Amino acid sequence: MNVSVKRIQAIFVKDYKEFYRNYAISTMVLMPLALAFIYSMTGNMDLQSLFMPINLTFAMITAFIQSCLIAEEKEHNTLRSLLLSPASIADVLIGKSALVFVITVIVLGMCMWILEFSPANLAAMGVALVLSTLFYLAMGLIVGLYTKTVMEASVGILPVMIVFSFGPLVLLFADRYPVLEVFQWLPSAQLILLEQYSVTGATSDIIVSLVVLAVWAVVAVSVSAILFKKRMSDE
């Protein structure tokens, strides 16, 4: 499939202008930063608290903004026009994800700086964060495809935000309710476990966490690409 850098860049610039003008969406970048700042003022933090702003970044920025940008295109009837243009599906998917990817990387970096968080295994955590970003981008795309307006997307993304952001907190009750251990396989929980394994030097467990994150990312991206092509051909 052909990929055009110029077309991707054009879509990126277009999304940037829409993002900049829509304060309801653009101000969301402040939420994880504010939470990180508040947590940094509390002093000693456990990994659950440390990763809360990071997981919220994925949910409130990566998935939320991605879904809203796609829904806004549908609301203005411009997404169909993009597909009818010379741009390929790959151009559209990459272009529509590039801005959110860049914003996510910047906010994650700022959150980690505010929290003074230095991963025990920088390489492994870097790969994990990239895989998580791809997963949440795909989830945002899926929600955006099945909503018609930005308002609908804002509501539709809530289950994703709640389950994947606060899912690791459920593990606090796993000793009492063993069935809740299933939540440890969530991408957000795997990030926390990955850092725990990195501190102890459990290489095999680190690899398992990365594989789990890779599976989540590959499945989500594949499903979003298939649904994107199907939904656009149906309209």
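Would you mind finding the one in LEU131, LEU108, LEU141, LEU137 that is in contact with a Ser or Thr (Cβ under 7 Å, 6 or more places away or on another chain), surrounded by 18 or more Cβ atoms within 10 Å (Cβ to Cβ) and under 25 Å from THR200 (Cβ atoms)?
Within the list LEU131, LEU108, LEU141, LEU137, the selection yields LEU108.
Mind listing whichever residues of region 1-15 are polar (S, T, N, Q) and not in a helix (DSSP H, G or I)?
Within region 1-15, ASN2, SER4 qualify.
Applying the selection to region 1-17, what residues are closer than 22 Å to THR149 by Cβ and surrounded by fewer than 18 Cβ atoms within 10 Å (Cβ to Cβ)?
Listed by number, the residues that qualify are LYS14, TYR16, LYS17.
ALA123 is checked against (1) open to solvent by 60 Å² or more (accessible area, probe 1.4 Å); (2) over 27 Å from ALA202 (Cβ atoms); (3) part of a helix (DSSP H, G or I) and fails just one. What number does that condition carry?
Of the numbered conditions (1) open to solvent by 60 Å² or more (accessible area, probe 1.4 Å); (2) over 27 Å from ALA202 (Cβ atoms); (3) part of a helix (DSSP H, G or I), the odd one out for ALA123 is (2).
One residue is enough: does region 178-196 have a residue meeting the conditions open to solvent by 20 Å² or more (accessible area, probe 1.4 Å), under 21 Å from SER118 (Cβ atoms) and part of a helix (DSSP H, G or I)?
Within region 178-196, one or more residues are open to solvent by 20 Å² or more (accessible area, probe 1.4 Å), under 21 Å from SER118 (Cβ atoms) and part of a helix (DSSP H, G or I).
What residue, of VAL212, VAL223, VAL163, VAL199, is touching a residue at least 12 places away in the same chain (Cβ under 8 Å), in a helix (DSSP H, G or I) and open to solvent by less than 30 Å² (accessible area, probe 1.4 Å)?
Within the list VAL212, VAL223, VAL163, VAL199, the selection yields VAL212.
For region 16-34: of the residues being assigned to a helix (DSSP H, G or I) and more than 17 Å from the chain's Cα centre (by Cα), which is nearest to VAL107 (Cα to Cα)?
Step by step, filter region 16-34, then rank; the result is ALA34.
Quick one: would you say PHE51 is more than 23 Å from ILE142 (Cα to Cα), surrounded by 14 or more Cβ atoms within 10 Å (Cβ to Cβ) and not hydroxyl-bearing (Ser, Thr, Tyr)?
So PHE51 fits the description; yes.
The values are calculated or read from the model by the stated rules, or taken from the named source; none is laboratory data. None of these values were measured; they are calculated from a predicted model. All Cβ positions, glycine included, derive from the backbone under ideal geometry; neighbour counts span all protein chains shown. When the accessible area is computed, the model is the full protein with side chains, heavy atoms only, and any ligands, DNA or RNA have been set aside. Shrake-Rupley method; radii C 1.70, N 1.55, O 1.52, S 1.80 Å.
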